[in-house]
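Down below is the structure, laid out as structure tokens.
The values are calculated or read from the model by the stated rules, or taken from the named source; none is laboratory data. Quick caveat: nothing in here was measured; it's all calculated off a predicted structure. Cβ placement follows ideal geometry from the backbone for every residue including glycine, while neighbour counts extend to all protein chains displayed. SASA here: full protein model, heavy atoms, side chains in, ligands and nucleic acids out. Shrake-Rupley method; radii C 1.70, N 1.55, O 1.52, S 1.80 Å.
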Amino acid sequence: MRERALWICFLLCLLTISCQEQEMREQGNAVYYWRTDLRFDSTEMAFLKQYHITKVYCRYFDVVIDSTRSLDPMPNATISFSDTLPKGIEMIPTIYITENCMHQQHQGLAEKVVKRIRQMNETNDIMDVKEIQIDCDYTINSLPVYYQFLKEVKEAWGHQLSTTIRLHQLSMKAPPVDYGVLMLYNTGDPRKWMERNPILDIHDVSPYLKSLDNYPLPLAAAYPVFSWLRIINGVHIEHKVEAEEILKVKQAVEQRREGLKRSIITYHLDKTNINRYKPETYEEIYHH
């Protein structure tokens, strides 16, 4: 029994080292782009250059249930391309799929998603795409269908595949992808927004930190630079995350898993979000 325990411990150590090495290979600064038209103004272009952005995770379209007719998954909110990415920045098509699409198997869905991505790349002269990402807030109930979907996407795509990982998903078995992006935003209960910031709060993150140590998948980290607008008694109130809170969470997760400092993403690229924080804040967020 003792020899078996030592052997298991040895394998876990190898797995951890492998994940950390993979995280080192995935290093680089990145942004999410979550608008319906790929278009950059001068502020956004300057941001890409100033913070040495090497990847843009660009939302191509959503996959949602067609509630009006067949109850089958269908594409929604497809992006258009008014601009192209600057030379040297990698495009990573990102697809958001609603969790209810994963309540049952939909034959051929993975192939349709990959085919649509390829067609959009070809139509818009987007070359050398080496990776796609799938974003889904899957639960323990939808996990089997979602993981099978990811396997089929990987087979149809034939290249690198990543997926988003929410904090509550760290306690589940790892998905069958090359790496995950740990989403360090939307961590709280929006209904309790007056008690604690639902976008990001260290108190909501802390209970999950222990799961980072042995999570058997390479990870990047994504941090929020967006805000929510709420209307209270006819008054618009902006709800944002203070820079100190973002940096506090960043420090906490990197202490548990050092590899997370090597591949950092902000959500999402937009002039308003850029101007929300001082340049020094972005320097610290992207600091390796």
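Before moving on, here are some points about what is shown:
- So R116, is it modelled with pLDDT of 95 or more and outside any strand (DSSP E or B): yes
- Counted residues, the stretch 99-120 - those being crowded, with 17+ Cβ neighbours inside 10 Å and farther than 14 Å from V153 by Cβ: 1
- Taking the stretch 46-93 as the range and being in a loop (DSSP other than H, G, I, E, B), out of contact with any helix residue (DSSP H, G or I) (no Cβ under 7 Å at 6 or more places or on another chain), in contact (Cβ under 8 Å) with a residue 12 or more places away in the chain and over 20 Å from Q119 (Cβ atoms) as the test, the residues that pass are H52, G88.
- In the stretch 29-47, the residue that is nearest to E280 (Cα to Cα) out of those that are crowded, with 20+ Cβ neighbours inside 10 Å and hydrophobic (A, V, I, L, M, F, W, C) is F47.
- Of all residues making up the stretch 100-117, the number that are touching a Leu at 6+ places or on another chain (Cβ under 8 Å) and of a type in the set (D, E, K, R): 0
- Index of the failed condition, V64 passing every other in (1) within 17 Å of Q133 (Cα to Cα); (2) buried (at least 19 other Cβ atoms within 10 Å of the Cβ): (2)
- Selection status of I165, within 20 Å of D135 (Cα to Cα) and in a strand (DSSP E or B): yes
- Tally of residues being touching a residue at least 60 places away in the same chain (Cβ under 8 Å) and open to solvent by 70 Å² or more (accessible area, probe 1.4 Å) across the stretch 252-278: 3
- Top-ranked residue of the stretch 124-179 - restricted to ones that are in contact with a Pro (Cβ under 8 Å, 6 or more places away or on another chain), of a type in the set (V, I, T) and without any contact (Cβ under 8 Å) to a residue 40 or more places away in the chain, ranked as nearest to I199 (Cα to Cα): T163
- Taking the criterion of being under 24 Å from A30 (Cα atoms), touching a strand residue (DSSP E or B) at 6+ places or on another chain (Cβ under 7 Å) and either in a strand (DSSP E or B) or open to solvent by 10 Å² or more (accessible area, probe 1.4 Å) (or both), the residues of the stretch 170-211 that qualify are V177, D178, Y179, G180, V181, L182, M183, Y185.
- Counting residues in the stretch 79-96 that are open to solvent by less than 50 Å² (accessible area, probe 1.4 Å), modelled with pLDDT of 95 or more, polar (S, T, N, Q) and within 26 Å of I285 (Cβ to Cβ) gives one or more.
- Of the residues making up the stretch 246-288, those that are charged (D, E, K, R), closer than 21 Å to F47 by Cβ and assigned to a helix (DSSP H, G or I) are K250, K261, K271, R276, E280, E283, E284.
- Search result, residues across the stretch 229-244 that are open to solvent by less than 60 Å² (accessible area, probe 1.4 Å) and in contact with a strand residue (DSSP E or B) (Cβ under 8 Å, 6 or more places away or on another chain): H239, V241
- Test set (1) surrounded by 15 or more Cβ atoms within 10 Å (Cβ to Cβ); (2) in a loop (DSSP other than H, G, I, E, B) - Y223 fails condition number: (2)
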